1. Within the bounds of the stretch 110-124, is there any residue that is open to solvent by less than 20 Å² (accessible area, probe 1.4 Å), in contact with a helix residue (DSSP H, G or I) (Cβ under 8 Å, 6 or more places away or on another chain), modelled with pLDDT of 95 or more and assigned to a strand (DSSP E or B)?
2. Gly105 is checked against (1) modelled with pLDDT of 95 or more; (2) buried (at least 21 other Cβ atoms within 10 Å of the Cβ); (3) away from the ligand (no atom under 16 Å from the Cβ); (4) in the same structural domain as Arg232 (by TED's automatic domain parsing) and fails just one. What number does that condition carry?
3. Pick out the one residue from Leu93, Leu68 that is open to solvent by less than 30 Å² (accessible area, probe 1.4 Å) and in contact with a Pro (Cβ under 9 Å, 6 or more places away or on another chain).
4. Just one of the numbered conditions (1) touching a strand residue (DSSP E or B) at 6+ places or on another chain (Cβ under 8 Å); (2) open to solvent by less than 10 Å² (accessible area, probe 1.4 Å) is not true of Cys231; which one?
5. Under the condition of being closer than 21 Å to Thr80 by Cβ and assigned to a loop (DSSP other than H, G, I, E, B), which residue from the stretch 125-146 is nearest to the ligand (Cβ to nearest atom)?
6. Restricting to the stretch 168-198, give me the number of residues that are within 16 Å of the ligand (Cβ to nearest atom) and of a type in the set (A, V, I, L, M, F, W, C).
7. What tally of residues in the stretch 12-22 results from selecting those that are within 20 Å of Leu98 (Cβ to Cβ) and either acidic (Asp, Glu) or open to solvent by 40 Å² or more (accessible area, probe 1.4 Å) (or both)?
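The values are calculated or read from the model by the stated rules, or taken from the named source; none is laboratory data. This structure is a prediction, so every number in the text was calculated from the model and none was measured. Here the Cβ positions follow ideal geometry from the backbone for every residue, glycine too, while neighbour counts run over all protein chains shown. Just the protein is used for accessible areas: all its heavy atoms, side chains included, with ligands, DNA and RNA removed. Shrake-Rupley method; radii C 1.70, N 1.55, O 1.52, S 1.80 Å.
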Amino acid sequence: MYIGIDVGGTNLKAGLVDETGAITAVERCPLNFQGPEQFTETLASLAVSVSRKGGVSPESPAYVGIGLPGAVSGGDVLFTTNIPMKNVPLERLFRRRLDLPVFLGNDADCAAVGEYFCGAGRGTRDFAVVTLGTGIGCGLLLGGKLHGGQSSSEAGHLVICHGGEPCNCGRRGCWERYASATALIQQAQAAMQSHPESLLHDYAAENGGTVEGRTVFSAAQARDETALAVCRKYVEYLADGTVSLINILRPEVIAIGGGVAAAPEQLLLEPLREIVARESFARHGGMTTRILRAELGNDAGMIGAALLGRAI
Ligand SMILES: [Zn+2]
C-alpha cells in the first residue's frame, strides 16, 4: 500500500493505492494554505484519515508520495507556483507528524507516472504525457524512470515562434503560449470578436459571453467555419511542439491530457496524428510514436504520486 497526495490549486486529494495502482480509499480537503507548518499538518492528517478509511493503520503504507505544482529536490520543496512556498524541508516537517518515507514530485511528472503504470503508457519503455491546461505540463519516463529524476521536463517552454508572445518564464514564443488550454481560449475569443456572425459567437453569448474549450469544439462540431478554423490552427500549434518532442525522444507513446484532450477525436487527435505522420522524422522509417488520449483524468496525479517510489 502507498499513499498518494495530489496538491492542486485549491484542494488536496489523498488516495490509498495498492501495488497495481487501484485506489482503495480517497480523502479530500481544501488547501487553505497558512504556512509550511500548517500545510504539513494538513498533509499528515489527510494521510492518517485516508489510511483509516482504507482499513489500514497509518504506519503501514510503504511511503507517502506528494505531487506539487512546482519544483522539488530530495525531500525539499524548492518552490511552488500557486502556493507561497520556497525552500521548505517538507519531508522533515512531515516525518515529525507521521514517520513514513516521503517522495516528492512535480505534478506533471506524477500524472506521467500514473499514466505510465496504469493508463495510456502501460507496456511502454519510453513515454511522455503532455497536459494541456493553464500552461503545458510535460512528464517524461525513459526506460521506466522519470527523466531527470525529480527535475521535471519543461517542454511547454520550447520556443515555437521566434520573438512571439511573451511568456512568464522570460522568453518569447513558448509552445504553451500557443497550445495550452488558455491559449486556445484566447484564440477563440479573438476569432469570435472578428466574426460576430459566427456560431462560435452565438454559443459564447448563450454562455454569458464566456468561451471555454468545449464552446469551441461544440461550434466546430456544428460545422461553424470560425470555430473550425480556430481548431485547425490550434492543432497546428500543438503539433509544432509534439513533433519536436518526438524527433528528440522518439517515445513509443505520447498521451495528451487535460480538459482540452476530451475534444472529439476528429477535431484534435486525428488531425494531430496526421501532422505528426507527415512532419516527424519517423516518416523515413524506424519507430513511430503513437498519440493517445490520457486515460486517468483527474486521478492521474494522485495515482502517480502513490507510485512515485517506483519511477525515481
Ligand atoms: Zn516560457
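1. No, the stretch 110-124 contains no residue that is open to solvent by less than 20 Å² (accessible area, probe 1.4 Å), in contact with a helix residue (DSSP H, G or I) (Cβ under 8 Å, 6 or more places away or on another chain), modelled with pLDDT of 95 or more and assigned to a strand (DSSP E or B).
2. (4)
3. Numbers: Leu68 fails: in contact with a Pro (Cβ under 9 Å, 6 or more places away or on another chain).
Leu93 is the lone residue from the list that is open to solvent by less than 30 Å² (accessible area, probe 1.4 Å) and in contact with a Pro (Cβ under 9 Å, 6 or more places away or on another chain).
4. (1)
5. Gly135
6. Pass one, the stretch 168-198, residues within 16 Å of the ligand (Cβ to nearest atom): 168-183, 186.
Filter once more, keeping what is of a type in the set (A, V, I, L, M, F, W, C): 169, 174-175, 179, 181, 183.
Matching residues across the stretch 168-198 total 6.
7. At the first step, the residues of the stretch 12-22 found to be within 20 Å of Leu98 (Cβ to Cβ) are 12-18.
Of the ones still in play, those that are also either acidic (Asp, Glu) or open to solvent by 40 Å² or more (accessible area, probe 1.4 Å) (or both) are 18.
The number of residues fulfilling the criteria is 1.
Residue by residue, here is whether (1) open to solvent by less than 20 Å² (accessible area, probe 1.4 Å); (2) farther than 28 Å from Arg290 by Cα; (3) in a helix (DSSP H, G or I) holds:
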site	(1), (2), (3)
Gly156	yes, no, yes
Cys161	no, no, no
Thr182	no, no, yes
Gln193	no, yes, yes
